[in-house]
Amino acid sequence: MADPTSSEPATTPQRVAPERLEQFLTEVFQRLGAPPGRARRAAATLVLADRRGIGSHGAARLGFYVRRIENGTIDPRADLTVLRENPATLALDAHDGLGLALAPEAMDRCIAKAETAGVALCTVRNSSHFGIGAAYVLSAAERGFAALAMTNAGPLVAPLFGAEARLGTNPIAFAAPVGPDEPPLVLDMATSAVAFGKIELARRANSAIPPGWAIDAAGAPTTDPFAARSLAPLGGDTAGGGHKGYGLAVMVDMLCGPLAGALWGTQVASLQTVEARSGIGHVFFVWRIDAFRDPVAFAADARALLAALRATPPAPGHEASGVLVPGDPERAAERERRARGIPFPASVIGELRALGERLGVPFELDG
């Protein structure tokens with residue numbers, strides 16, 4: 001679920017139509033050498049993050065991808081190749097390609113296998129940052145499948161009781177269809193206390209971060225985003241359940257690193273180290289509902305489960321929103337942003353405009 005602290009910038013934002021933003025991003029990726037189809041997929045992945053209110057993984061990160069492509073650590077022309085294949089499994093190599101475009105292709109292949117076999121598991125090695133996990137599980141759920149997606153990442157998270165980062169934010173995403181006229185249930189969460197992009201947003205806004213998000217260079221908790229050196233695991237310390245978030249992060253790294261044949265832990269290049277290849281791994285797991293149950297009966301039970309959760313009496317102070325289920329805040333953000341445009345702070349607008357000017361791509365997003 002989206003972190004409520006990241007939904008809107010503190011200053012008055014400039015709103016950009018999603019379609020215009022996607023066109024601009026597509027042209028940037030094409031200018032950098034990505035084939036047109038992959039440029040569109042990469043752009044769509046970033047815009048989906050912004051539409052769903054996950055600004056830390058949207059267009060604000062464009063400069064990161066541009067720098068990596070320009071210095072050769074991401075190859076925008078790389079193709080997926082098959083390393084191993086069975087009726088329900090697939091191991092792929094992305095050859096340091098553009099994860100924003102190649103990971104969607106890997107998920108497509110996983111869905112195709114699940115269509116035939118009932119279930120399918122796909123691993124990807126030698127990839128790069130793939131954006132938000134929701135993009136992948138949504139693509140499956142919108143076609144009637146349930147799915148899990150995981151990726152490891154560069155070291156940003158300190159192990160429980162540790163003073164230095166050894167793990168990535170290692171997110172897990174899940175989605176399931178709940179009926180033809182209902183949006184899928186979607187969970188997209190980091191196994192860290194927060195995504196590092198939230199620290200970046202706080203730095204841009206020059207605002208404090210909540211306690212429990214990060215530790216400083218000495219390993220002490222901090223609320224200063226500029227002093228933050230490592231993130232805490234999901235839950236923070238043991239009193240908050242940090243051992244559970246830490247355990248989930250290790251699980252994701254085990255699947256996306258050793259199982260996929262990708263890098264892991266401190267071997268993976270950090271987001272701040274753009275001179276080194278990422279070496280990231282992904283895992284996708286897709287299954288047909290009718291391999292286990294009648295889809296109509298499943299959807300009816302799934303809707304009843306969600307309705308029971310939403311009908312829970314709200315705790316004091318939460319009467320206005322009521323009880324939410326995973327994906328509710330993102331769906332609300334998407335409805336609002338489709339209608340009014342995606343809000344960006346002036347700093348991000350300036351960064352996008354400067355990138356467009358340097359690359360010779362018209363920046364006609366406002367007006």
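Taking the options Ser278, Ser270, Ser347, name whichever one is surrounded by fewer than 20 Cβ atoms within 10 Å (Cβ to Cβ) and within 18 Å of the chain's Cα centre (by Cα).
Details: Ser278 fails: surrounded by fewer than 20 Cβ atoms within 10 Å (Cβ to Cβ); Ser347 fails: within 18 Å of the chain's Cα centre (by Cα).
Every option except Ser270 fails the conditions.
Would you say Phe344 is over 30 Å from Asn206 (Cα atoms) and either assigned by TED's automatic domain parsing to the domain that holds Ala59 or among the aromatic types (Phe, Trp, Tyr) (or both)? First the steps, then the outcome.
Values: over 30 Å from Asn206 (Cα atoms): no; either assigned by TED's automatic domain parsing to the domain that holds Ala59 or among the aromatic types (Phe, Trp, Tyr) (or both): yes.
It is false that Phe344 is over 30 Å from Asn206 (Cα atoms) and either assigned by TED's automatic domain parsing to the domain that holds Ala59 or among the aromatic types (Phe, Trp, Tyr) (or both).
Yes/no per residue for (1) in contact with a His (Cβ under 9 Å, 6 or more places away or on another chain); (2) within 30 Å of Ile199 (Cβ to Cβ); (3) aliphatic (A, V, I, L, M); (4) modelled with pLDDT under 95:
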{"residue": "Ala60", "(1), (2), (3), (4)": "no, yes, yes, yes"}
{"residue": "Arg77", "(1), (2), (3), (4)": "no, no, no, no"}
{"residue": "Leu90", "(1), (2), (3), (4)": "no, no, yes, no"}
{"residue": "His95", "(1), (2), (3), (4)": "no, no, no, no"}
{"residue": "Asp108", "(1), (2), (3), (4)": "no, no, no, no"}
{"residue": "Asn126", "(1), (2), (3), (4)": "yes, yes, no, no"}
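Answer with yes or no whether Val283 is touching a Phe, Trp or Tyr at 6+ places or on another chain (Cβ under 6 Å) and either of a type outside the set (Gly, Ala, Ser) or part of a helix (DSSP H, G or I) (or both). Can you show your working first?
Working: touching a Phe, Trp or Tyr at 6+ places or on another chain (Cβ under 6 Å): no; either of a type outside the set (Gly, Ala, Ser) or part of a helix (DSSP H, G or I) (or both): yes.
Judged against the criteria, Val283 is not a match.
Is one or more of the residues making up region 285-293 modelled with pLDDT under 95, surrounded by 13 or more Cβ atoms within 10 Å (Cβ to Cβ) and of a type outside the set (Val, Ile, Thr)?
Within region 285-293, the subset modelled with pLDDT under 95 is none.
No, region 285-293 has no match at all.
Which ranges mark the strands (runs of 3 or more DSSP E) fully within region 57-174 that have 1 or more residues being surrounded by 20 or more Cβ atoms within 10 Å (Cβ to Cβ), among the β-branched types (Val, Ile, Thr) and under 18 Å from the mean Cα position of the chain (by Cα)? Before you say what the answer is, go through the steps one by one.
Details: elements: 81-86, 89-93, 119-127, 145-151.
Of the strands (runs of 3 or more DSSP E) lying wholly inside region 57-174, those with at least 1 residues that are surrounded by 20 or more Cβ atoms within 10 Å (Cβ to Cβ), among the β-branched types (Val, Ile, Thr) and under 18 Å from the mean Cα position of the chain (by Cα) span 119-127, 145-151.
Counting only residues that are among the acidic types (Asp, Glu) and part of a helix (DSSP H, G or I), how many does region 218-265 have? I'd like the intermediate steps shown before the answer.
Start the filter on region 218-265 by keeping residues that are among the acidic types (Asp, Glu), which leaves 224, 237, 253.
Still in the list and also part of a helix (DSSP H, G or I): 253.
Within region 218-265, residues that are among the acidic types (Asp, Glu) and part of a helix (DSSP H, G or I) number 1.
Look at Ser270 and say whether it is at pLDDT below 95 and in contact with a Pro (Cβ under 8 Å, 6 or more places away or on another chain). Let's see the steps before the verdict.
Values: at pLDDT below 95: yes; in contact with a Pro (Cβ under 8 Å, 6 or more places away or on another chain): yes.
Yes.
Identify, please: which residue in region 175-189 is touching a Lys or Arg at 6+ places or on another chain (Cβ under 7 Å) and surrounded by fewer than 20 Cβ atoms within 10 Å (Cβ to Cβ) and is, among those, nearest to Asp290 (Cα to Cα)? Walk me through how you get there before you give the answer.
Narrowing region 175-189 to residues touching a Lys or Arg at 6+ places or on another chain (Cβ under 7 Å): 178-179, 182-183.
Retained after the next criterion (residues that are surrounded by fewer than 20 Cβ atoms within 10 Å (Cβ to Cβ)): 179, 182-183.
Working: Gly179: 13, Glu182: 18, Pro183: 19 Å.
Filtering first and then ranking leaves Gly179.
Quick check on region 148-157. Is at least one of its residues of a type in the set (Ser, Thr, Tyr) and more than 30 Å from Arg293 (Cα to Cα)?
As a first pass, look at region 148-157 and keep what is of a type in the set (Ser, Thr, Tyr): 151.
Those still in the list that are more than 30 Å from Arg293 (Cα to Cα) too: none.
Looking through region 148-157, none of the residues is of a type in the set (Ser, Thr, Tyr) and more than 30 Å from Arg293 (Cα to Cα).
Between Pro159, Pro210, Pro225, Pro184, which is in contact with a Gly (Cβ under 8 Å, 6 or more places away or on another chain) and either in contact (Cβ under 8 Å) with a residue 60 or more places away in the chain or not assigned by TED's automatic domain parsing to the domain that holds Gly281 (or both)?
On the way: Pro159 fails: in contact with a Gly (Cβ under 8 Å, 6 or more places away or on another chain); Pro210 fails: in contact with a Gly (Cβ under 8 Å, 6 or more places away or on another chain); Pro225 fails: in contact with a Gly (Cβ under 8 Å, 6 or more places away or on another chain).
Matching residue, one of Pro159, Pro210, Pro225, Pro184: Pro184.
The values are calculated or read from the model by the stated rules, or taken from the named source; none is laboratory data. Note that this is a predicted model, so its numbers are computed, not measured. Please note: Cβ atoms are built from the backbone with ideal geometry, for glycine as well, and neighbour counts cover all protein chains shown.
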